[in-house]
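Have a look at the structure below, then the notes.
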Amino acid sequence: MQNWFTCKVKYQKEDENGRVKNVTETYLADALSFTEAEAKIYEEIGQRVMGEFQVTSIAKSKIVDVFEYPGGDVFYQAKISYMVGDADSGKEKKVTNLMIVHADDIKMAWERIHESLNNMLVTFVVPEIKESPVLEVFHHVKSDEERIPDHLTPVAELETEEDEQDI
């Protein structure tokens, strides 16, 4: 399960007229903890921003899923609602989730949300879509211990090669 953290970063940025002004930008990080989210933001933003910057806040996000598409300019936040049956009481319960999607406009965001959720077994509605302040999403990367070094071959690939040789 992904844990999304909303991270705000403050730094000085030069505008189109050459004036330097303070800006605060919002990013979304998939991390296991607040500490990992902060480390990820410092690593990623440190590569993009010249000069000093400060992580001003990190908060656990209510976003449950992110749908990234090529060519989208903006992230849109969509509220998704659907009904599920409560196994204990037998009553239906309304569930509302927040998701963000990369799109050029609200119409495209609506279409992409429906495309991304078309395999849901329950009927859902999208009561709200609005522009999100999130500029970029940073995904969780496995630690170096979990990565397979370039000079090694995964066991699954070796088994496939052996199976082909037996034929």
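The values are calculated or read from the model by the stated rules, or taken from the named source; none is laboratory data. Worth saying up front: this structure is predicted, and the values here are computed from it rather than measured. We place every Cβ from the backbone using ideal geometry, glycine too, and count neighbours over all the protein chains shown. Only protein heavy atoms, including side chains, enter the accessible area calculation; ligands, DNA and RNA are left aside. Shrake-Rupley method; radii C 1.70, N 1.55, O 1.52, S 1.80 Å.
All conditions in (1) open to solvent by 60 Å² or more (accessible area, probe 1.4 Å); (2) assigned to a strand (DSSP E or B) hold for Met50, with the sole exception of (2). Going by the structure shown, is Ser81 in contact with a strand residue (DSSP E or B) (Cβ under 6 Å, 6 or more places away or on another chain) and farther than 21 Å from Pro133 by Cβ? When the stated conditions are applied, Ser81 passes them.
For Asp65, the test of being modelled with pLDDT under 95 and either assigned to a strand (DSSP E or B) or surrounded by 13 or more Cβ atoms within 10 Å (Cβ to Cβ) (or both) is passed. Of the residues making up segment 84-100, just one is under 21 Å from Lys130 (Cα atoms) and either part of a loop (DSSP other than H, G, I, E, B) or in contact with an Asp or Glu (Cβ under 7 Å, 6 or more places away or on another chain) (or both), namely Met99. One residue stands out among those in segment 120-162 that are closer than 30 Å to Lys93 by Cβ and open to solvent by 100 Å² or more (accessible area, probe 1.4 Å): the one that is modelled with the lowest pLDDT, which is Leu121.
Taking the criterion of being assigned to a strand (DSSP E or B) and either open to solvent by less than 60 Å² (accessible area, probe 1.4 Å) or within 20 Å of Val134 (Cβ to Cβ) (or both), the residues of segment 16-43 that qualify are Asn22, Val23, Thr24, Glu25, Thr26, Tyr27, Leu28, Ala29, Asp30.
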